[in-house]
Structures are given as structure tokens and as C-alpha cells.
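The values are calculated or read from the model by the stated rules, or taken from the named source; none is laboratory data. Since this is a predicted model, take the numbers as computed values, not measurements. Here Cβ is always computed from backbone atoms with ideal geometry, including for glycine, and neighbour counts include all displayed protein chains.
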Amino acid sequence: MLSSARCTLLISVCLTVTLSASLAAAFITPTSSPAFSLASLHTTDRTIASTSTSTSLFARSKKKPKAKSSTISVNRQARRNYEVVSSYDAGISLLGSEIKAIRDGKMNLGDGFVRPDSKGRGMSLCNVHIGKHSTGSEFFNHEERRVRPLLLTKEECRKLRREIDIKGMTIVPLKAYFKGSHVKIKVGLCKGKNQRDKRNDIKDREQKRDDNRMMKSFRMG
């Protein structure tokens, strides 16, 4: 028979082995938490990637709003007296008091025309009336019919000068309008109309007016 000391030693050894095996099994056996954490990490990465992609697409698709345009003045006599061959949109150099007067509706293109400037490089707008700004002092106000430089490209200026010199054509302002905060002038390269052309234009206008009147009465009847 075994002694009591030897029995106690065997029991302690058995307990130690059993505890070690249990601990090893606990560390080796996979649990659901690491897998869950990895899956959640992948999901988070996909969410961040999709969010950044949608944000970049939104930023890429965002466009600048177009500048709004509004009419300031129309030269109705130009279409009556001239045949417009082509037109150009030009900027114009203005003073501060002129801008304020234009906003008050004090611009008239009726007697205006365009000619090459004194240096022969650019074009100038002449004889266009811009009334004086009412609240400004006389010292800071402008001359109402002063010569105002137009802002055109060199190629456009060369072409217009060539048409004036060779073909004897006329350049007149057709319309003034705001594009954003800037004033623009639409100028037309024109040929003068004779009396016969003017009479034909009057007949065409009257015919169109009669046609419109007949169409309106037909719809109402």
C-alpha cells in the first residue's frame, strides 16, 4: 500500500495536469468574438470607402452657377436702318458713376456707333448717351457722350477694321446687357438699307402682324 504522502503527491500532479489541459484548450479553441471584430472592421472599411467615394463624386459634379444676364438697353433703330451681317459681344471700359447711372436706366444706344480708336488698335463706342448719376457731385460725374473703349480681341479688331476699310460697312451697338456684374455691348457689323429695303421690311412686319391677328381670332373662334 502507498503511503499517505505519496498519494497526496499523485493527486496534486493529476490536478496540475488537468488544469493545464483546460487552460490550453481555452486558448486554442477559436471563439466568435475575433471573427466578429474582423468582420466589423471590414464593414467599417467598406462604409468609409463608399462615403468618401460619394463625397468625391458630389464634389466633382458640383458646378459653378452661370452668370445671369439682363438687358439694359436695345437699339431698335439699328434693325430698322441696317442689315446686320454678324455680331460680336464686347466688354466696355466704364467709370463708377456710369455704372451707377446705367443701373438707374440712363443709357441710350440710339445714336451710337463704333469706330477704330486713334491708335488704330482697338475699337471705341461713340455718341452713346449715359445720363449723369443723380446723387453724385458734378466733380465726380462723367461726360454723358464721351468716347468709351470697347474690349475686343486683337483678331476681332483686325477683322472689323478690314470690313470697314474694304467693304465700307458700319458697326453699330445693338444691345447693352449685364452679364453677372459686368456690362457687355453686342455690336453688329451692318450694311445700310435703302428705301426699297425699308419698305419691304415694313410690308413684312405688317404681314406678320396680320397673320398673328388671324391666328389669334381663329383660336378664339
Problem - region 78-98, residues that are surrounded by 17 or more Cβ atoms within 10 Å (Cβ to Cβ) and either in a helix (DSSP H, G or I) or touching a helix residue (DSSP H, G or I) at 6+ places or on another chain (Cβ under 7 Å) (or both) - result: Ala78, Tyr88, Ser97, Glu98
Handout entry: Any pair with Cβ under 7 angstrom, 6 or more apart, that starts in region 73-86 at a residue that is within 11 Å of Asn108 (Cα to Cα) and ends at one that is surrounded by 16 or more Cβ atoms within 10 Å (Cβ to Cβ) and β-branched (Val, Ile, Thr)
Key = Asn75/Val172
Exercise for the section: Return the residue satisfying two criteria in turn: it lies in region 161-174 and is farther than 12 Å from Phe113 by Cβ and not small (Gly, Ala, Ser), and of such residues it is surrounded by the fewest Cβ atoms within 10 Å (Cβ to Cβ). Expected result: Ile166
Handout entry: Failed criterion for Ala78 (all others in (1) of a type in the set (A, V, I, L, M, F, W, C); (2) closer than 28 Å to Lys154 by Cα; (3) modelled with pLDDT of 90 or more hold)
Key = (3)
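Looking at the structure I just gave you, is Cys190 out of contact with any Lys or Arg (no Cβ under 8 Å at 6 or more places or on another chain), closer than 24 Å to Gly120 by Cβ and not charged (D, E, K, R)?
yes
Could you list, in sequence order, the residues of region 102-137 that are in contact (Cβ under 8 Å) with a residue 40 or more places away in the chain and surrounded by 14 or more Cβ atoms within 10 Å (Cβ to Cβ)?
Hits for region 102-137 are Ile102, Met107, Leu109, Gly112, Phe113, Val114, Arg115, Pro116, Met123, Leu125, Val128.
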